[in-house]
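These notes are about the structure you will find just below.
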Amino acid sequence: MRKLTYYIGMTIDGFIAAPDGAADFFPVTQDAIDCIRDDYPDTLPSHSRPQLGLNDGNRDFDTVVQGRVTYEPALEIGVTSPYAHMRQYVVSGSIAGSPDPAVEIVAGDVLAKIRELKAEDGKGIYLAGGARLAGALLPEIDELVIKVYPVVAGSGIPLFTADFSPAYFELTGTRALDSGMVVLTYVRK
């Protein structure tokens, strides 16, 4: 059984983006870039991989799932297949058709689709965001990898948007970077 990993950056106070969806306030430091490149290279968009020396295959993930709002910044810069090195799914009820043949739009039962993907052979499934999608998929999330940046935002888009329904995870890893970013890894109990 493949696992679904929610790999995401977050502020100290629990926000993954500003109220308008922007994430450009997160500090980009060399140690954070190195950490992502070394520990989760598959999560880097295809167009940035060669600049970071990542020209080989995928190590951990072969599938990515993201919501429409997470997908839109790539479209805004003309990238219709941001994770060309993986199978790509965008969950949206408002996108009429895929802008790229390599990207499949999921408009129906996303939980059923994730269960189908998890039952296949292959590497892990990377949940790229956002909060509503993560909330909807919470019953199927096997692992959380949260990059906590040394920033307090005050408000914004939370890590999860879901109804109250506690889900328990066990801390299995911590890594503190000199820049102040801390990477926390949790697995479902």
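The values are calculated or read from the model by the stated rules, or taken from the named source; none is laboratory data. Owing to the predicted nature of the structure, the values given are computational and were not obtained by experimental measurement. FYI the Cβ positions are ideal-geometry reconstructions off the backbone, even for glycines, and counts take in every protein chain you see. Side chains are part of the model used for accessible areas, which takes the heavy atoms of the whole protein and leaves out ligands, DNA and RNA. Shrake-Rupley method; radii C 1.70, N 1.55, O 1.52, S 1.80 Å.
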Task: Test: residue 84 is among the hydrophobic types (A, V, I, L, M, F, W, C), open to solvent by 20 Å² or more (accessible area, probe 1.4 Å), free of Cβ contacts under 8 Å to residues at least 60 places away in the same chain and out of contact with any Ser or Thr (no Cβ under 6 Å at 6 or more places or on another chain) - done: no
Task: Test set (1) under 14 Å from the mean Cα position of the chain (by Cα); (2) surrounded by fewer than 18 Cβ atoms within 10 Å (Cβ to Cβ) - residue 57 fails condition number - done: (1)
TODO: Return yes or no: is residue 114 open to solvent by less than 30 Å² (accessible area, probe 1.4 Å) and farther than 15 Å from residue 10 by Cβ?
DONE: yes
Task: Residue match in segment 25-37 (condition: in contact with a strand residue (DSSP E or B) (Cβ under 7 Å, 6 or more places away or on another chain), outside any helix (DSSP H, G or I) and without any contact (Cβ under 8 Å) to a residue 24 or more places away in the chain) - done: no
Open item on the list: Restricting to segment 164-189, name every residue that is among the charged types (D, E, K, R) and over 18 Å from the mean Cα position of the chain (by Cα).
Closed with: 170, 175, 178, 189
- [ ] Answer with yes or no whether residue 73 is closer than 24 Å to residue 19 by Cα, open to solvent by 40 Å² or more (accessible area, probe 1.4 Å) and touching a residue at least 40 places away in the same chain (Cβ under 8 Å).
- [x] no
- [ ] Just one of (1) part of a strand (DSSP E or B); (2) surrounded by fewer than 16 Cβ atoms within 10 Å (Cβ to Cβ) trips up residue 183, so point out which.
- [x] (2)
Task: Residue check for residue 169: surrounded by fewer than 18 Cβ atoms within 10 Å (Cβ to Cβ) and closer than 18 Å to residue 8 by Cα - done: yes
Task: Selection count, segment 99-118, where residues are free of Cβ contacts under 8 Å to residues at least 12 places away in the same chain and of a type outside the set (Asp, Glu) - done: 3
Task: Enumeration of residues in segment 22-42 that are out of contact with any Ser or Thr (no Cβ under 7 Å at 6 or more places or on another chain) and surrounded by 15 or more Cβ atoms within 10 Å (Cβ to Cβ) - done: 23, 26, 35, 37, 39, 40, 41, 42
- [ ] Being open to solvent by 50 Å² or more (accessible area, probe 1.4 Å) and within 27 Å of residue 110 (Cβ to Cβ) is the filter here, so list the residues in segment 45-54 that pass it.
- [x] 47
Open item on the list: Step by step: first the residues of segment 1-22, then only those that are at pLDDT 95 or above, touching a Pro at 6+ places or on another chain (Cβ under 9 Å) and in a loop (DSSP other than H, G, I, E, B), then the one that is nearest to residue 132 (Cα to Cα). Which residue is that?
Closed with: 14
